[in-house]
1. For the range 73-111, what are the residues that are touching a strand residue (DSSP E or B) at 6+ places or on another chain (Cβ under 9 Å), part of a loop (DSSP other than H, G, I, E, B), open to solvent by 10 Å² or more (accessible area, probe 1.4 Å) and not hydrophobic (A, V, I, L, M, F, W, C)?
2. What pairs can you find where one residue is in the range 112-132 and under 24 Å from residue 286 (Cα atoms) and in a loop (DSSP other than H, G, I, E, B), the other is modelled with pLDDT of 95 or more and among the hydroxyl-bearing types (Ser, Thr, Tyr), and their Cβ atoms are less than 6 Å apart, with a gap of 6+ or different chains?
3. Just name the residue that is nearest to residue 214 (Cα to Cα) out of those in the range 228-286 that are out of contact with any helix residue (DSSP H, G or I) (no Cβ under 7 Å at 6 or more places or on another chain), aliphatic (A, V, I, L, M) and modelled with pLDDT of 90 or more.
4. Residue 212 passes all but one of (1) modelled with pLDDT of 90 or more; (2) under 19 Å from the mean Cα position of the chain (by Cα); which number fails?
5. I'm trying to understand the selection: among the residues of the range 133-143, which are assigned to a helix (DSSP H, G or I) and either open to solvent by 30 Å² or more (accessible area, probe 1.4 Å) or in contact with a Leu (Cβ under 7 Å, 6 or more places away or on another chain) (or both)?
6. Here's a check for you: in the range 144-168, which residue that is outside any strand (DSSP E or B) and at pLDDT below 95 is most open to solvent (accessible area, probe 1.4 Å)?
7. Being of a type in the set (S, T, N, Q) and at pLDDT 90 or above is the filter here; which residues of the range 26-67 pass it?
Amino acid sequence: MSGLPATGFGNTRNVRPFRAGGQTGIMNSRSVSFDRAAGFYDQTRDLPPELAQAQTELLCEELAATTRCLEIGVGTGRIALPLAGAGIHVAGVDLSPAMLGRLRAKGGGAVPVAVADARRLPFGAAAFDAVLACHVLHLVQAWADVADEALRVLRPGGTFLVSQGGQSGDETALELRKRLRQAAGLADVAGRVGLHGMDELDRHVAARGVGVRHLPTLRNTQTRSVAEFLDQVAQQYYSWTWDLDEATVRQAAAEVRVWAEHRWGDLTVAQMGAGSLRWHAYDVPA
C-alpha cells in the first residue's frame, strides 16, 4: 500500500504518498532530512534485541486502546514496524524518500507511509489517537511547531509519545563527543538544531494544558569499540557532521583518535556505553 489511506487515518490534506524511486534529498528550513543516511541508519541506530523488545512492549502498553496512530519521522521503521508486528495500527510520515524506501523494503505495506513535513502535517484535526516521535525534535529548528502540529492532529484524550534518547552514554562516550565537538570547532550541542532537552518540551506542552508523564527509563547495556565509533564519525554517519565539510570531520576524528589512543591504548578493545531510552507521554485532555 502506498501513501496514507484516508479511511481509518482521519482526513488527509495535501498528502504526497511515498513511491519508490521518487523524489530524493529534502532539506527544509533547518529540518534535517536523512536521505544520505538511509544506507547505514539501521547499522548505527539498531538496539540490542532485548532492549528493542522492551521498548516495543512499553509503547504497546501506551497504545493498547488506540486504532489510529501516526509516527512522525518514521524513517526506516525502527519503531513502527515492531509496533505493527505487535498489532498496533500505525502509519508514518518522513521528509526522506530514501528512508521510506528502506522501510518499504523491510516491511512491505505493513506501515502506510507518506512524504510530509512534520511542521505541517497533511491531516485534519483530531485525526489520530496517538502520535509518536523518536529522535526527531532535535533535528527541527521549529520544534515547537512540530509539537503543536502533533497536538492538533490528536483527538481529545489522545497521547503524544516522544523520545529524544536519554543519557548520551557513559563517561567515555561523553568525553569523546565533547572532544570531537571541540576539534571540529562546534560550540553548541552537536547535531541539535532544535530541541535541546525534554524539559523544554515538558514546559511547552504543559503550558497548553496537556498532561506530562515520564515513562520508565529503559537501560541500554550495549557497548561498542571506540575505534568503530571514530570510524563512523570520520565517514559522517551522524547528522551533527553533515553541515561540516569532509576534511574538517576527518581531521577532528583523527585528532581525537590520537588523544584516545594515549588515554585508552588499543581502541578496538576500549569500549564506550550507549545511551538509555526515555519516553515522555503527553496526554491531551478528554
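The values are calculated or read from the model by the stated rules, or taken from the named source; none is laboratory data. Treat the numbers as computed from the prediction; the structure is a model and nothing was measured. Positions of Cβ are backbone-derived with ideal geometry, glycine not excepted, and every protein chain shown enters the neighbour counts. Please note that ligands, DNA and RNA were not included when accessible areas were found on the heavy atoms of the full protein model with its side chains. Shrake-Rupley method; radii C 1.70, N 1.55, O 1.52, S 1.80 Å.
1. The answer is 73, 78, 89.
2. Pairs found: none.
3. This residue is 286.
4. Of (1) modelled with pLDDT of 90 or more; (2) under 19 Å from the mean Cα position of the chain (by Cα), only one is false for residue 212: (2).
5. 137, 138, 143
6. Here is the first cut: in the range 144-168, the ones outside any strand (DSSP E or B) are 144-153, 166-168.
Adding the requirement that they be at pLDDT below 95 leaves 166-168.
On the way: 166: 35, 167: 97, 168: 55 Å².
Among residues in the range 144-168 that are outside any strand (DSSP E or B) and at pLDDT below 95, the one most open to solvent (accessible area, probe 1.4 Å) is 167.
7. 53, 55, 56, 66, 67, listed by residue number.
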